[in-house]
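Trainee: Below is a structure I'd like to ask you about.
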Amino acid sequence: MSVNGEAVRVGPGTGRADEPGWEVDPDDDWALAVVATVGRQLKLRREAVGMRVPEFAVAAGYGEDLVYKIESGKRIPRPEYLDTADEILRAGGLVAAMKEDVRKVRYPKKVRDLAQMEARAVELQLYDPVNLHGLLQTPEYARALFRMRRPRYAEEEIERGVAARVARKAVFDREAAPELSFVQDEWTLRRRLGGMDVVRAQLEHLLTVAQLPNVEIQVMPMDREEHAGADGGIEVLKFEDGTACGRSPAVAGGRPVTDPRQLRILELRYGIIRAQALTPLESTAFIERLLGET
């Protein structure tokens with residue numbers, strides 16, 4: 001097949017169909033606008049080179065229905081779709097350059113907002129009494145948790161949630177890495193959620209993360225007679241300008257707070273929780289023993 005007299009690669013002709021996890025959130029206005037703009041640009045470039053949808057679909061190796069959905073802003077294009085379109089339409093990298101904006105809109109707005117805050121934080125204090133904190137979860141562990149939700153999540157919702165949770169881990173890769181402190185209740189490590197293989201890989205991941213110079217993981221043993229975290233989880237994010245933001249079910253109904261008095265309460269509770277927990281070295285040794293039993 002040729003475009004403007006030049007031969008282009010023709011896809012395998014399998015007509016790869018629609019896949020779950022790439023729908024646009026109908027309540028996310030910004031995401032809708034971005035995906036609509038990307039789809040319109042793809043359509044204009046395809047028409048500019050004189051290709052009809054069936055021809056483009058064959059060349060790209062995707063189903064026609066998926067092409068129509070993407071160009072009409074009803075579907076988020078995958079990065080490889082944009083790479084293929086850039087090559088077929090001879091866009092010189094302009095189509096492929098849209099991957100960054102598209103990558104962001106795949107994640108729900110509340111996750112994007114949280115990721116942006118985590119990206120600015122210079123210190124994070126995190127206590128989760130229910131599950132392993134999202135920043136510590138492997139994709140397999142996160143997927144197992146999403147599959148346990150009731151009412152059940154659709155497969156596309158599960159994959160969307162896993163992708164969003166994995167994307168937040170960029171906080172570990174920042175050049176100016178923040179200080180991260182995690183406290184986990186012992187029972188969150190002992191549960192066999194997802195099966196033994198998933199749990200074993202998760203414990204190994206915790207040991208790897210704990211070796212990072214800017215990360216401390218502490219375990220709160222089940223035999224403690226006093227526990228300052230009995231009222232629920234705590235998150236405190238501190239920023240370079242001296243401001244901070246915190247959240248806990250026990251304060252302001254779980255809404256994010258920036259009031260200094262409420263933040264002091266959260267920091268006081270978190271400090272006591274850390275003091276009651278095992279030290280980072282003791283916690284690492286505990287996780288190693290638990291892994292040996294798994």
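Trainee: Before anything else, pin down the relative contact order of segment 152-294: Cα pairs under 8 Å, at least 6 apart, normalised by residue count, whole percent. Could the numbers behind the result be given before it?
Mentor: Values: 144 pairs, mean separation 36.4, N = 143.
The value is 25 percent.
Trainee: Still on this structure, please answer the following. Could you line up Met117, Met51 from fewest to most neighbouring Cβ atoms inside 10 Å? Working shown, then result.
Mentor: Values: Met117 16, Met51 19.
In order of increasing Cβ crowding within 10 Å: Met117, Met51.
Trainee: Here's something else I'd like to know. Amide H of Gln184: which non-local residues (sequence gap of 5 or more, or other chain) have their own amide H closer than 5 Å, using H built in the peptide plane?
Mentor: Gln218, Val219, Met220
Trainee: OK, next. Return a whole-number percent for the relative contact order of the chain, with Cα pairs under 8 Å and 6 or more residues apart as the contact set.
Mentor: On the way: 443 pairs, mean separation 48.9, N = 294.
That works out to 17 percent.
Trainee: Oh, and also: Computed FRET efficiency, Cβ-Cβ of Glu123 and Glu282, R0 30 Å: what is it to the nearest 0.05? Intermediate results must be reported in sequence, preceding the final value.
Mentor: Values: r = 22 Å, r/R0 = 0.74.
Rounded to the nearest 0.05, the efficiency is 0.85.
Trainee: Just going by the charge dipole of the chain, with Lys and Arg at +1 and Asp and Glu at -1 on Cβ, which of Ile76, Val199, Leu189 is farthest out on the positive end?
Mentor: Ile76
Trainee: Where does each of Trp22, Trp30 land when they are ranked from fewest to most other beta-carbon atoms within 10 angstrom?
Mentor: Numbers: Trp22 21, Trp30 13.
Placing the least packed residue first, the sequence is Trp30, Trp22.
Trainee: Tell me, what ³J(HN,Hα) does each residue in segment 258-264 have, in order and in whole Hz, if you take phi through Karplus 6.51 cos²θ - 1.76 cosθ + 1.60 with θ = phi - 60° and put x for Gly and Pro?
Mentor: So the Karplus estimates, Gly and Pro as x, are 10, 5, x, 5, 5, 5, 4 Hz.
Trainee: Sort largest first and round to whole Å: the equivalent ellipsoid semi-axes of the chain, each the square root of five times a Cα gyration tensor eigenvalue. Walk me through the numbers on the way to the answer.
Mentor: Working: eigenvalues 393, 89, 55 Å².
Equivalent ellipsoid of the chain: 44, 21, 17 Å, largest first.
Trainee: Still on this structure, please answer the following. Considering only DSSP beta bridges where both residues belong to the chain, give the percentage that are antiparallel (nearest 5). Numbers along the way, then the final one.
Mentor: Working: 15 of 28 bridges.
DSSP beta bridges in the chain are roughly 55 percent antiparallel.
Trainee: For Gly63, which sequence-distant residues (separation of 5 or more, or a different chain) have an amide H within less than 5 Å of its own amide H, given hydrogens modelled in the peptide plane?
Mentor: Sorted by chain and number, the residues that satisfy this are Arg16, Ala17.
Trainee: Rounded to the nearest 0.05, what FRET efficiency is calculated for Thr294 and Val130 with R0 set to 22 Å and r the Cβ-Cβ distance? Mind showing how you got there, number by number?
Mentor: Details: r = 20 Å, r/R0 = 0.92.
After rounding to 0.05, the efficiency reads 0.60.
Trainee: Still on this structure, I have one more. Going by average Cβ density within 10 Å per residue, which order do the peptides 268-279, 171-182 take, highest to lowest? List each step's numbers first, then the result.
Mentor: On the way: 268-279: 17.2, 171-182: 14.7.
Result, highest mean Cβ count within 10 Å first: 268-279, 171-182.
Trainee: By how many nm would the segment from Thr258 to Arg40 grow when fully extended, if each residue of separation counts as 0.36 nm and the alpha-carbon distance is taken off?
Mentor: Extra length available between Thr258 and Arg40 comes to 74.4 nm.
Trainee: Sticking with this one: What net charge is computed for the residues neighbouring His227, neighbours being all others with C-beta under 15 Å from the C-beta of His227, Lys and Arg scored +1, Asp and Glu -1?
Mentor: Values: positive: Arg224, Arg269, Arg274; negative: Asp128, Asp185, Glu186, Asp223, Glu225, Glu226, Asp231.
That sum, taken over residues with Cβ under 15 Å, equals -4.
Rule-based calculations on the coordinates, nothing more; no lab input. All figures in this text were calculated on a predicted structure; none of them were measured in a lab. Please note: Cβ atoms are built from the backbone with ideal geometry, for glycine as well, and neighbour counts cover all protein chains shown.
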